[in-house]
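Asks: Here it is, the structure, as structure tokens.
The values are calculated or read from the model by the stated rules, or taken from the named source; none is laboratory data. Keep in mind that this is a model prediction, so the values were computed, not measured. Positions of Cβ are backbone-derived with ideal geometry, glycine not excepted, and every protein chain shown enters the neighbour counts. Please note that ligands, DNA and RNA were not included when accessible areas were found on the heavy atoms of the full protein model with its side chains. Shrake-Rupley method; radii C 1.70, N 1.55, O 1.52, S 1.80 Å.
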Amino acid sequence: MSEKKIPRVALPDGVRLDTLAVREGLPRSQWGENSEALFLTSSFVQPDAASAAARFANEEEAFIYSRFTNPTVMMMERRLAALEGTEACIATSSGMAAILLLAMGLLKAGDHVVCSQSVFGSTIMLLGREFGKFGVETTFVAQTDVDAWRRAVRPATKLLFAESPTNPLTEVCDIRALARIARDAGAWLAVDNCFCTPALQRPVQYGADLIVHSGTKYLDGQGRVIAGAICCSEALVNEKFMPVMRSAGMSLSPFNAWVVLKGLETLAIRMRAQSESALALARWLEQQPMVERVYHPGLPSHPQHALAMAQQAGQGGAVVSFIVRGQDDGGPARARQNAFHVIDRTQICSITANLGDTKTTITHPASTSHGRLTEEQRQAAGITQGMVRVAVGLEHPDDLKADLLRGLGSL
Ligand SMILES: Cc1ncc(COP(=O)(O)O)c(C=O)c1O
């Protein structure tokens, strides 16, 4: 970019992630605040007309206008980039805005994308339907079938897009294998790291080029704001994404950036605690007579257990899904009734489709997040009427077991 750069925080070489999570950002202002300042301003005053001209021409790095430059947003971007191990980060107004910016920045008409068929539903709609209107074609493949990813690649393929683990089945993809396919094809690999966060998984270590986040989930971690980000090289931010951000303005508000910035300080301890509680709950659910199947990458019964343990720092993450019995004797209608019974008997869990909160959330994917699919599509995706998803928070795991037992024990 420019000769004159925005200064960095002075930190000793080699400080660890836990330290970066609370210290990376921007140097303190002249007032010496200990907690990071919230710069709630739409524009920045320039010292003189010549400086303004140099700054608008990118000859000098400085804050100009909060659609594309703001100190609080930059603190969050620098902190998240440090955690993901990328050179840079660009924050967006939501997780979907991050995927929109990714596609607008990297793709043009005639380009082809290979995407897991198990990614978040709106990602499927955005890439498959919305970008289809602009001549970008997307092929959806089975998340865990590496050969299917390879076979789907064409000369026009520019992007491979994966999410691991997925929602609600917690399917894990082999990021290293996908990175090899992308490299051989001359394409980028983007990974939505929403479910693990850099506290458990750093996709760049396995060769991913870009990491996408919904900051709405674990990065904030307390269900307060909508936010998103792309972490990648400085060149991609400057050349591909910043020009789109400047023109299209899917920017993160400084207030929401500040909330996420402070959320990052406790990310690692929250993720470890919530992931351990989720595993305890998953093990307990496997013992319950009214539970047919449990999905959690930390369980040895999970099909990609070994891969998940290697890729996710030995942790399964905080989301557990399970299937309540009922389908065998009463078909899908009974299975749904039983799942609703378990959800409705809870007194602690919040019935909401969001996840990544310190408050445990419980939902019925077939009628909420995946309600727009046909029954056949849902069955093919393994999202049956008996499935319940729990995104485990910070309550005591024994209280959560008792909460689920209210319904499971009275079926
Ligand atoms: C894996 C994943 N990616 C992206 C998103 C979109 O994020 P947002 O709601 O912040 O737009 C979500 C939201 O649920 C998600 O679960």
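Asks: So, restricting to helices (runs of 4 or more DSSP H) that lie completely within the stretch 43-140, which ones have at least 3 residues that are more than 16 Å from the ligand (Cβ to nearest atom) and either at negative phi or touching a residue at least 24 places away in the same chain (Cβ under 8 Å) (or both)?
Replies: Values: elements: 49-56, 71-84, 95-106, 121-124.
Here the list reads 49-56, 71-84.
Asks: Within the stretch 209-238, how many residues are closer than 11 Å to Ala81 by Cβ and among the acidic types (Asp, Glu)?
Replies: Residues meeting the conditions: 1.
Asks: Something else now. Say whether the condition of being within 12 Å of the ligand (Cβ to nearest atom), crowded, with 16+ Cβ neighbours inside 10 Å and of a type in the set (Ser, Thr, Tyr) is met by at least one residue in the stretch 169-181.
Replies: yes
Asks: Being open to solvent by less than 10 Å² (accessible area, probe 1.4 Å) and in contact with a Leu (Cβ under 9 Å, 6 or more places away or on another chain), is that true of even one residue in the stretch 378-385?
Replies: Scanning the stretch 378-385, I find at least one residue that is open to solvent by less than 10 Å² (accessible area, probe 1.4 Å) and in contact with a Leu (Cβ under 9 Å, 6 or more places away or on another chain), so the answer is yes.
Asks: When you scan the stretch 194-201, do you find a residue that is closer than 30 Å to Phe63 by Cα, among the polar types (S, T, N, Q) and surrounded by fewer than 24 Cβ atoms within 10 Å (Cβ to Cβ), even just one?
Replies: Checking the stretch 194-201: not a single residue is closer than 30 Å to Phe63 by Cα, among the polar types (S, T, N, Q) and surrounded by fewer than 24 Cβ atoms within 10 Å (Cβ to Cβ).
Asks: Also, quick follow-up: Of the residues that sit in the stretch 319-334 and are in contact with a strand residue (DSSP E or B) (Cβ under 7 Å, 6 or more places away or on another chain) and more than 16 Å from the ligand (Cβ to nearest atom), which one is nearest to Asp398 (Cα to Cα)?
Replies: Phe322
Asks: Are there any pairs with C-beta distances below 7 angstrom linking a residue in the stretch 180-191 that is at negative phi to a residue that is open to solvent by 10 Å² or more (accessible area, probe 1.4 Å) and assigned to a helix (DSSP H, G or I), with the two at least 6 apart or on different chains, and if so which?
Replies: Correct list of pairs: Ile181/Arg150; Trp188/Leu106.
Asks: Of all residues in the stretch 309-327, how many are more than 24 Å from Ser369 (Cα to Cα) and either of a type in the set (Phe, Trp, Tyr) or part of a helix (DSSP H, G or I) (or both)?
Replies: Count: 3.
Asks: Go through the stretch 386-411 and report how many residues are open to solvent by less than 30 Å² (accessible area, probe 1.4 Å), of a type in the set (Gly, Ala, Ser) and in a loop (DSSP other than H, G, I, E, B).
Replies: 2
So that you can scan it fast, the table gives a plain yes or no per residue for (1) surrounded by fewer than 16 Cβ atoms within 10 Å (Cβ to Cβ); (2) closer than 30 Å to Asp18 by Cα; (3) of a type in the set (Val, Ile, Thr):
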{"position": "Ser275", "(1), (2), (3)": "no, yes, no"}
{"position": "Pro289", "(1), (2), (3)": "yes, no, no"}
{"position": "Gly298", "(1), (2), (3)": "no, yes, no"}
{"position": "Gln304", "(1), (2), (3)": "no, yes, no"}
{"position": "Ala308", "(1), (2), (3)": "no, yes, no"}
{"position": "Phe322", "(1), (2), (3)": "no, no, no"}
{"position": "Asp329", "(1), (2), (3)": "yes, no, no"}
{"position": "Phe340", "(1), (2), (3)": "no, no, no"}
{"position": "Gln347", "(1), (2), (3)": "yes, no, no"}
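Asks: Which of the residues that make up the stretch 218-267 are in contact with a Phe, Trp or Tyr (Cβ under 7 Å, 6 or more places away or on another chain), open to solvent by less than 40 Å² (accessible area, probe 1.4 Å) and either of a type in the set (A, V, I, L, M) or within 16 Å of the ligand (Cβ to nearest atom) (or both)? Talk me through it step by step, then tell me what you get.
Replies: Quick first cut of the stretch 218-267, residues in contact with a Phe, Trp or Tyr (Cβ under 7 Å, 6 or more places away or on another chain) only: 230, 242, 245-246, 251, 254, 267.
Checking which are open to solvent by less than 40 Å² (accessible area, probe 1.4 Å) leaves us with 230, 245, 251, 254, 267.
Residues satisfying the conditions are Ile230, Met245, Ser251, Leu267.
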